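Rule-based calculations on the coordinates, nothing more; no lab input. Just so we're clear, the structure is a prediction, and the values are computed from it rather than from any experiment. With ideal geometry, Cβ positions are generated from the backbone for all residues, glycine too; neighbour counts draw on all protein chains shown.
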Amino acid sequence: MKKEWPLWEVFIRGQHGLNHRHVGSLHAPDAEMAINNARDVYTRRKEGVSIWVVPSSEITASKPSDKGPLFDPAEDKVYRHPTFFDIPDDVGHM
Amino acid sequence: MYAQMVKSDGPSDAELSPEERAFQARIDAGEKIEPKEWMPEGYRKTLIRQIGQHAHSEIVGQLPEGNWITRAPTLERKAILLAKVQDEAGHGLYLYSAAETLGVSRDELFEKLHSGKMKYSSIFNYPTLSWADMGAIGWLVDGAAIMNQVPLQRTSYGPYARAMVRICKEESFHQRQGYSIMMKMARGTEAQREMAQDALNRFWYPSLMMFGPSDKDSVHSAQSMAWKIKMNTNDELRQKFVDETVPQAEYLGLTVPDPDLSWNEDRGHYDFTQPDWDEFFEVLRGNGPCNEERLGARVKAWDDGAWFRDGLNAYADKAAARRLAAKTAAE
């Protein structure tokens, strides 16, 4: 039998109540082994308190060529940031 | 280095297509290149060779040290060495994953290592004869690797740079544990001090070879530097390594095996003797003291593990079929 183990993307939640974050990928025959391997490969120094693994083939990514249409429209909407508005000092903290 | 004499494919500046010119402009502006983005075929191929060779070095690099796990002098040293060797496996895996984002499969990379089509660093073809060699490897070999890997954290290819960041965080432990072994040996009995000196004698020049031959005339090197997949010349890194390592050897009371080693006031650097480059090329050609043993051990581990990999695959397939059947029955 000649079959390469599928690729999994690994997400780790760090110690501080943060989101799971993508840390890398690895090969494993199934989800259970992927978690076991992720423990050994990505958390040898207590980098996490929780692991997600997702088959890489299940990830849909935006195309690099779509960067313009997807993200450019946000560029001229600076009013979405609170610092856009000047509030007089007299009003106090807001 | 862990990647030595990587051949680089690239056109000359005059031949650049508009796409290639735009690509180079992104690199010059310090942008990272990510897997699905357009890249010149030469950039992709060169990186597969370089990251692949780097990964192979981490994996084969486990062997000279694995050799001493069962013979470590104390339980603590044994646990530490085990952790270090496990780190090397991890580093190999980070790098293989980075290489795979360029469109090469893990099995292809393994096949190329096992058939000798891809190389690993020359340093791992030297034998580890005494416990002091574990000290010398951590101190000198990992030390030399760090010289190269720290600047590579800024390399232009995103997945490679991120793997390097992770590796560098862990590598400092490796060098310090090596130096700690050397300190213990150098301050031990006369016999231990002699072992430490002997390890330095044998690993000094092979460590200098890790950076590869002088690349001032190399075209490959210039292209790789333009692409920011090589950040410094081999000579720059070798000089930096000598400058940092000599005082560390002095602190240990050990003698660097180079009678012509001397501080050059004008240059602000040490002058030192180049390693024997004929020996280096012989080792690369497969004629080093341990080439056959190292590659043999690697191929044997892969072949002997085939039934286990297949077994886990068979179990995964069976479990998936069972889940599917249960789902169909429920519907």
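Within the listed set B:F211, B:F23, B:F308, the residue fluctuating most in the Gaussian network model of chain B (springs between alpha-carbon atoms under 10 angstrom) is B:F308.
Its residues counted as N, region A:5-69 yields a C-alpha radius of gyration over 2.2 N^0.38 Å of 1.25. Phi angles across region A:12-23 convert, under the Karplus curve 6.51 cos²θ - 1.76 cosθ + 1.60 with θ = phi - 60°, into 3J(HN,Hα) values of 10, 8, x, 5, 9, x, 8, 5, 5, 10, 5, 10 Hz, Gly and Pro given as x. Of the complete DSSP H runs in chain B, those spanning 24 angstrom or more by Cα along the long axis with a mean Kyte-Doolittle score not below -0.5 are B:75-100, B:158-186, B:306-330. Expressed as a fraction of 2.2 N^0.38 Å, the C-alpha radius of gyration for region B:183-262 is 1.39.
Taking chain A as a Gaussian network of alpha-carbon nodes connected by springs under 10 Å, the highest mean-square fluctuation of the residues A:T83, A:T43, A:T60 belongs to A:T83. Once both labels are positioned 7 Å from their Cα atoms along Cα-to-Cβ, the gap between B:T255 and A:M94 label points is 7.9 nm. Sorted largest first, the spans of the alpha carbon positions of chain B along the three principal axes are 77, 57, 33 Å. Comparing mean-square fluctuations of B:P18, B:P64, B:P257 from a GNM of chain B with C-alpha springs under 10 Å, the top value falls on B:P18. In this label model, A:S50 and B:E34 are separated by 2.5 nm, measuring between points 7 Å along each Cα→Cβ vector.
The phi torsions of region A:80-87, fed into the Karplus equation with coefficients 6.51, -1.76 and 1.60 and a -60° offset, translate into couplings of 6, 9, x, 5, 5, 9, 8, 10 Hz, rounded to whole numbers, with Gly and Pro shown as x. Across the protein assembly as shown, the convex hull enclosing all Cα atoms gives 250 Å³ per residue. The string of couplings for region B:257-263 from the Karplus curve (6.51, -1.76, 1.60, θ = phi - 60°) is x, 9, x, 8, 5, 7, 6 Hz, one whole number per residue in order, with x for Gly and Pro. Using the Cβ-Cβ distance between B:E19 and B:I69 with R0 set to 45 Å, the FRET efficiency works out to roughly 0.35.
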